[in-house]
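K.L.:
This structure is in structure tokens; I'll ask about it shortly.
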């Protein structure tokens, strides 16, 4: 009976740990259990995945854009979001958290769709996706900067907001230019 109980408890533990590991690119370790379920942890995970997506979209824009401003914006995105993700990675490392290393499935699907386009069709779709992504990012970073529980995470979000707002303003301008040309 005790052996059955130990096996049952072991299986239950493995099942619950496995379920937590089912999210692609998210790795739990002993330190992340402190923040598990917290809004700050969720923000960090979302910000990291969003940043990874922006890096990939930026590389694609730098490579494929016909519009020179979009091409340059892609280069800037790659550089700026790489820097932001490195800062975030250093911040959460203090909490013994591991961030996702791959973009989310929905972002991969968008990337795949964009990579099949070329010329003005690529420019329009890419600018639209970057605009949407930055609108979401500014909203989420603003929320974290105002309401985050962890002061370091609030400061990170607040510091990043100026850059994200600059990105949003720039991609709005590029998006408008591409739409009207």
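The values are calculated or read from the model by the stated rules, or taken from the named source; none is laboratory data. Please read these numbers as outputs of a predicted model, since none were measured by experiment. No Cβ is skipped: glycine too gets one built from the backbone with ideal geometry, and neighbour counts run over all protein chains shown.
K.L.:
Looking at residue 37, is it at pLDDT 95 or above and either assigned to a loop (DSSP other than H, G, I, E, B) or within 15 Å of the chain's Cα centre (by Cα) (or both)?
P.N.:
Taking the combined requirement at face value, the residue does not satisfy it.
K.L.:
Same structure again: Residue by residue through the stretch 134-149, note down the ones that are within 15 Å of the chain's Cα centre (by Cα) and in contact (Cβ under 8 Å) with a residue 24 or more places away in the chain.
P.N.:
Scanning the stretch 134-149 gives 134, 135, 136, 137, 138, 140, 141, 144.
K.L.:
Restricted to the stretch 150-163, and to residues that are buried (at least 17 other Cβ atoms within 10 Å of the Cβ) and touching a residue at least 40 places away in the same chain (Cβ under 8 Å), which residue is farthest from residue 69 (Cα to Cα)?
P.N.:
Out of the qualifying residues, it is 150.
K.L.:
Now a separate question. Kindly list the number of the only condition in (1) part of a helix (DSSP H, G or I); (2) under 15 Å from the mean Cα position of the chain (by Cα); (3) farther than 13 Å from residue 54 by Cα; (4) in contact (Cβ under 8 Å) with a residue 40 or more places away in the chain that fails for residue 170.
P.N.:
(2)
K.L.:
While we're here: From the set of residues in the stretch 59-98 that are crowded, with 17+ Cβ neighbours inside 10 Å, without any contact (Cβ under 8 Å) to a residue 40 or more places away in the chain and under 13 Å from the mean Cα position of the chain (by Cα), which is nearest to residue 144 (Cα to Cα)?
P.N.:
The residue in question is 85.
K.L.:
Evaluate the following for residue 131: is it touching a residue at least 60 places away in the same chain (Cβ under 8 Å), over 13 Å from the mean Cα position of the chain (by Cα) and under 30 Å from residue 66 (Cβ atoms)?
P.N.:
Here the answer is no, as residue 131 does not meet what is asked.
K.L.:
Residues in the stretch 46-53: is at least one surrounded by fewer than 21 Cβ atoms within 10 Å (Cβ to Cβ), farther than 13 Å from residue 130 by Cβ and in contact with a helix residue (DSSP H, G or I) (Cβ under 9 Å, 6 or more places away or on another chain)?
P.N.:
Yes - at least one qualifying residue is present in the stretch 46-53.
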